[in-house]
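Heads up: the structure comes next, in structure tokens.
The values are calculated or read from the model by the stated rules, or taken from the named source; none is laboratory data. Keep in mind the model is a prediction, meaning the values are calculated, not measured. Note: ideal-geometry Cβ built from the backbone for every residue, glycine included; neighbour counts use all protein chains shown.
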Amino acid sequence: MKKLVIFDLDGTLLNTIEDLGQAANYALQRNGYATHSMASYPYFVGNGVRRLMTRVLPEDARDDETVDRVLGDFLEYYDVHCTDYTKPYNGMPELLQDLRDMGVAMAVASNKYQKAVDKIIPHFYPEIDFVAVEGHRDGVNVKPDPSVVFAILAKARVAKADTLYIGDSGVDMETARRACIDSVGVTWGFRNKKELVEYHADAIVNNPVDILDIVENGIKIS
């Protein structure tokens, strides 16, 4: 049985896309740029908020000065409104409670900036005592760099072989691969199954409850 499960945040633990999109559109509109539909935002997110701002800006407006200015407005809005529309995916609270009751340690590894992670996770999962809640910090590379996973493993004192990484994107699957730990791709998040397959997810699940069998019995090789 796995002893530690590391979860991605956006698109895995929580559906955050509406709040991210609202904050990005606020920043764009405030600076005189066209906004985007909410349906487009799942393809903009995944590599941290600075990359998000770069992607939503017009190609001729992606200089550092403009990105910095728009990012500042995004952070000002998101810091206040990051829980307005965000909600757990169906079955995820129950999964975390089941893992807790089984004695499995849990952690969060996110490319979202640390201040937001520290606000959002306790807001939605106050009853879960995560061994580590790691967001992006200045000077630390974002996923798929595995540094955040290594930091969690050091805090949890759990071996790679006893760890499972769960996420919704190719970035997550690549992070797990680089960290040399087993990966599970989830289909309820921001990206599709095709991307998870292309990035070599060790297993793919359609429902949070399916993760319990993998934690208990390992990934079945077909």
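Highlighted here are the helices (runs of 4 or more DSSP H) found entirely within the stretch 6-103 that include at least 1 residues which are outside the structural domain of Met173 (by TED's automatic domain parsing): 17-30, 49-56, 64-81.
Scoring Val45 on the criteria (1) under 21 Å from the mean Cα position of the chain (by Cα); (2) modelled with pLDDT of 95 or more; (3) buried (at least 19 other Cβ atoms within 10 Å of the Cβ) leaves a single failure, condition (2). Contact map, the stretch 88-102: residues that are among the charged types (D, E, K, R) paired with residues that are surrounded by 15 or more Cβ atoms within 10 Å (Cβ to Cβ), Cβ distance under 7 Å, separation 6+ or inter-chain. Pairs shown: Asp98/Leu212; Arg100/Ile128. The set of residues in the stretch 179-202 being touching a Leu at 6+ places or on another chain (Cβ under 9 Å), closer than 14 Å to Asp168 by Cβ and crowded, with 21+ Cβ neighbours inside 10 Å consists of Ser183, Val184, Gly185, Val186. Within the stretch 167-175, the presence of a residue that is touching a residue at least 12 places away in the same chain (Cβ under 8 Å), out of contact with any Phe, Trp or Tyr (no Cβ under 9 Å at 6 or more places or on another chain) and of a type outside the set (Ser, Thr, Tyr) is excluded.
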